[in-house]
Amino acid sequence: LDLGASMPAGSNALVASDGTEVTLADLRGEKGTLVVFTCNTCPWAKAWEERIVALGNEYASRGIGVVAINSNDPGRVPADSLDEMKTRSSELGMSFPYAHDAGSAIARRFGAMVTPEAFLLDAGDALVYHGTIDDNAKSPDEVSKRYLADALEAVATGGAVPVADTKALGCGIKFAQK
């Protein structure tokens, strides 16, 4: 998905870890929408998960719609099943949906390739940030560049996103076979 492009797959149904059906259109926030492709099993996703949840919980209360999406095929990665997602969501205290992308269709539409990979759209559904969470997956105390946090703050306050595109680092999405 190119910067400035509109949100794809807005009407595609996803099943959230709480069993409800949601769409990206349903989850849009007044100020923007954060979509993070993640999973239960990738060491990179695990390294950043507490920061992703903290950002999601904070900005969900500040007018940003937030969803974490697991596009891994649970047939290939059993620990990424909906039941396991429910457990993970509860353990982490997510106040936003953690949804399964059956068939990996939404990840393909976004062009997501790794977990975690963040896509932040503004109030007009235009992509304004794509990439990684910050510059240090392993040591939260040593982060010097808070790419996603800075982009979220800019969108929440109506400012310009300081860095719009970074390289997403993580495990390759285990796509469902077509």
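The values are calculated or read from the model by the stated rules, or taken from the named source; none is laboratory data. Since the model is a prediction, treat every value here as computed from it, not as a measurement. As a convention, Cβ positions derive from the backbone with ideal geometry for all residues, glycine included, and neighbour counts pool all protein chains shown. Side chains included, ligands, DNA and RNA excluded: accessible areas come from the protein's heavy atoms. Shrake-Rupley method; radii C 1.70, N 1.55, O 1.52, S 1.80 Å.
What to note about this one:
- Non-local Lys pairs in the chain, i.e. 8 or more apart or on different chains, that have alpha carbons under 29 Å apart: 19
- Cα Rg over Rh - region 45-142, Kirkwood: 0.95
- Normalised per residue, the accessible area of the chain is 45 Å², obtained with a 1.4 Å probe and no contribution from ligands, DNA or RNA.
- Taking the chain as a Gaussian network of alpha-carbon nodes connected by springs under 10 Å, the highest mean-square fluctuation of the residues Val128, Val114, Val163 belongs to Val163.
- Considering only Phe96, Phe37, Phe119, the Gaussian network model of the chain with Cα springs below 10 Å gives its largest mean-square fluctuation to Phe96.
- Listed residue (Ser71, Leu92, Gly4) projecting farthest to the positive dipole end of the chain, Cβ model: Ser71
- Beta bridge orientation in the chain: antiparallel %, DSSP, nearest 5: 65 percent
- Heavy-atom accessible surface of region 59-178: percent carbon and sulfur, 1.4 Å: 49 percent
- Convex hull volume per residue in cubic angstrom - Cα atoms of region 1-98: 109 Å³
- Overall form of region 15-70 per C-alpha gyration tensor (a/c, 1.5; a/b vs b/c): oblate
- In region 123-162, Rg over Rh equals 1.03, where Rg is the alpha-carbon radius of gyration and Rh the Kirkwood radius from pairwise Cα distances.
- With N as its number of residues, the chain has a Cα radius of gyration that, divided by 2.2 N^0.38 Å, comes to 0.92.
- Cβ screening of the chain for cysteine pairs under 4.7 Å finds these without a partner: Cys39.
- Check: the chain dipole with +1 on Lys, Arg Cβ and -1 on Asp, Glu Cβ, in debye: 360 debye
- Of Pro116, Pro43, Pro97, the one that fluctuates the most in a GNM where the chain has Cα springs shorter than 10 Å: Pro43
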